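To keep things clear, I will list the structure first and then write my remarks on it.
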Amino acid sequence: MTFSDLGLSADLLRAIDAQGYTTPTPIQRQAIPAVLQGGDLLASAQTGTGKTAGFTLPMLQRLSGGKRPAKRGVRALVLTPTRELAAQVGESVRDYGRHLPLTSHVIFGGVGQQPQVDAIRPGLDILVATPGRLLDLHQQGHVDLSGIEILVLDEADRMLDMGFIHDIKKVLKLVPPQRQNLLFSATFSNEIQALANKLLDAPTLIEVARRNTTAETVDQAVYRVDREKKRDLLAHLISAHRWYQVLVFTRTKHGANRLAEHLGKQDIPAMAIHGNKSQSARTRALSAFKAGELQVLVATDIAARGLDIDELPHVVNFELPNVAEDYVHRIGRTGRAGNDGQAVSLVCVDEHGLLNNIERLIKRDLEKHIEPGFEPDPNAKPEPIENGRGNRGGGRGRNGGGGNGSGGRGGKPQQAQGGRGSDDGQRPSRRRRRGGQGRQQA
Ligand code: AMP
């Protein structure tokens with residue numbers, strides 16, 4: 001099957017050709033015709049499956065036939081959890097829509113709002129936004145959502161995880177009842193199901209990867225090691241195997257900084273990206289990493305969410321995530337679009353509970369290794385896990401969640417208590433005023 005079999009216009013086919021795509025991915029084969037028909041869609045798809053093109057291409061085609069947007073009006077709204085994902089979706093919209101007379105813009109927090117206000121003023125065909133900044137601009141009267149024809153919630157599970165449910169509900173009150181809704185999520189909790197029931201009308205269901213399973217093209221392994229030896233083991237593995245373009249996940253911002261510094265001292269070029277870094281620092285680090293100039297990028301979960309790095313060969317879990325679903329998201333960075341990838345997790349005695357949760361979720365046992373010279377102490381006692389939550393200044397927090405490190409989470413994503421995630425760039429003082437903060441500060 002080719003893209004032209006899917007009913008896409010010549011202008012879109014030209015743009016797809018310029019991207020070098022020859023064959024539609026499974027999600028594209030199913031989503032493109034369904035969205036072109038105008039119905040709602042509920043798609044279970046991880047990053048790396050080609051989902052962005054799966055909704056962007058048919059959305060562009062549907063909009064290209066219609067009327068111009070009203071002043072300050074928007075015809076299609078794509079909501080994403082993070083700035084990085086918003087920027088990437090915006091880039092796809094521009095790339096695929098390059099031969100169409102449609103206007104688009106990306107907005108998120110943490111940067112000045114005036115250029116965003118200026119871009120929206122004449123009206124836009126497509127607006128890609130994180131929820132916080134969108135609602136801010138709406139409150140100030142800069143954007144009119146009453147003419148929305150298509151609403152896309154991308155990575156909806158992560159938006160809920162980050163505490164955006166209230167913001168999403170507010171947005172739903174601002175859009176007209178007659179519209180097309182597309183909901184994408186990597187995992188399907190009861191909360192996502194509830195959102196889908198509220199939002200969608202007789203949706204087409206698409207499930208490309210089985211729920212909560214990890215990509216088949218990713219080779220996954222666990223190295224058992226003592227907590228204190230993880231940094232040295234990581235430096236050793238990177239040097240011994242000559243890994244390049246390694247994305248390393250840490251649980252905390254502080255941990256990301258310390259690890260990047262440590263690797264740097266071992267002559268392994270590394271930078272950290274997380275929510276405390278300015279947008280320009282994050283963009284700089286990401287471009288250097290993508291260009292192959294930076295060997296290691298150390299990231300927290302929220303900062304790394306949505307990073308689109310083609311053919312990323314190595315993902316390392318320096319620490320296992322507290323929430324088992326995050327493991328699936330993390331390793332979704334590698335083995336993308338059919339390329340082989342390797343995901344390695346460094347696991348110490350504190351994390352055995354977390355490892356069990358992950359293996360239960362993905363329904364397979366991960367291969368365990370011990371690297372000579374880094375044998376774990378069989379008598380080591382588990383300690384509570386540092387999780388970085390409950391602090392606002394990038395310091396450390398302790399979950400005090402007992403010895404096995406599962407922190408009482410049972411592998412289920414935790415909903416924020418009425419707060420909002422941090423990656424929309426909201427200032428902490430403002431989040432506090434609104435009564436709480438998101439699940440995780442990354
Ligand atoms: P996504 O899941 O949307 O984040 O896309 C993952 C990656 O796959 C991106 O780098 C896309 O550029 C790439 N991609 C999307 N569709 C195709 C395709 N049909 N053939 C090859 N690569 C693709």
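The values are calculated or read from the model by the stated rules, or taken from the named source; none is laboratory data. On a predicted model such as this, the values are computed, not experimentally measured, just so you know. Please note: Cβ atoms are built from the backbone with ideal geometry, for glycine as well, and neighbour counts cover all protein chains shown.
Taking the criterion of being of a type in the set (Ser, Thr, Tyr) and either in contact with a strand residue (DSSP E or B) (Cβ under 7 Å, 6 or more places away or on another chain) or surrounded by 14 or more Cβ atoms within 10 Å (Cβ to Cβ) (or both), the residues of the range 240-269 that qualify are Thr250, Thr252. Restricting the range 12-26 to residues that are over 14 Å from Ser92 (Cβ atoms) and more than 25 Å from the chain's Cα centre (by Cα), which is nearest to the ligand (Cβ to nearest atom)? Applying the filter and picking the extreme gives Thr22. Here Gly163 meets the list (1) in contact with a Leu (Cβ under 9 Å, 6 or more places away or on another chain); (2) crowded, with 20+ Cβ neighbours inside 10 Å almost entirely, failing just condition (1). Thr217 meets the conditions (1) among the hydroxyl-bearing types (Ser, Thr, Tyr); (2) at pLDDT below 90; (3) surrounded by 18 or more Cβ atoms within 10 Å (Cβ to Cβ) in every case but one. The failed one is (3). Annotation note: Cβ proximity below 9 Å between a residue of the range 33-47 that is within 16 Å of the ligand (Cβ to nearest atom) and a residue that is among the basic types (Lys, Arg) (sequence gap 6+ or interchain) occurs for Val35/Arg62; Ala43/Lys51; Ser44/Arg210; Ser44/Arg211; Ala45/Lys51; Thr47/Arg305; Thr47/Arg333; Thr47/Arg336. On the stretch given as the range 361-384, residues that are surrounded by 13 or more Cβ atoms within 10 Å (Cβ to Cβ), more than 20 Å from Gln342 (Cα to Cα) and either free of Cβ contacts under 8 Å to residues at least 60 places away in the same chain or β-branched (Val, Ile, Thr) (or both) total 2.
Counting only residues that are among the small types (Gly, Ala, Ser), within 16 Å of the ligand (Cβ to nearest atom) and touching a helix residue (DSSP H, G or I) at 6+ places or on another chain (Cβ under 6 Å), the range 83-131 holds 2 of them. From the list Leu57, Leu77, the lone residue that is under 22 Å from the mean Cα position of the chain (by Cα), away from the ligand (no atom under 14 Å from the Cβ), surrounded by 20 or more Cβ atoms within 10 Å (Cβ to Cβ) and within 27 Å of Leu205 (Cβ to Cβ) is Leu77.
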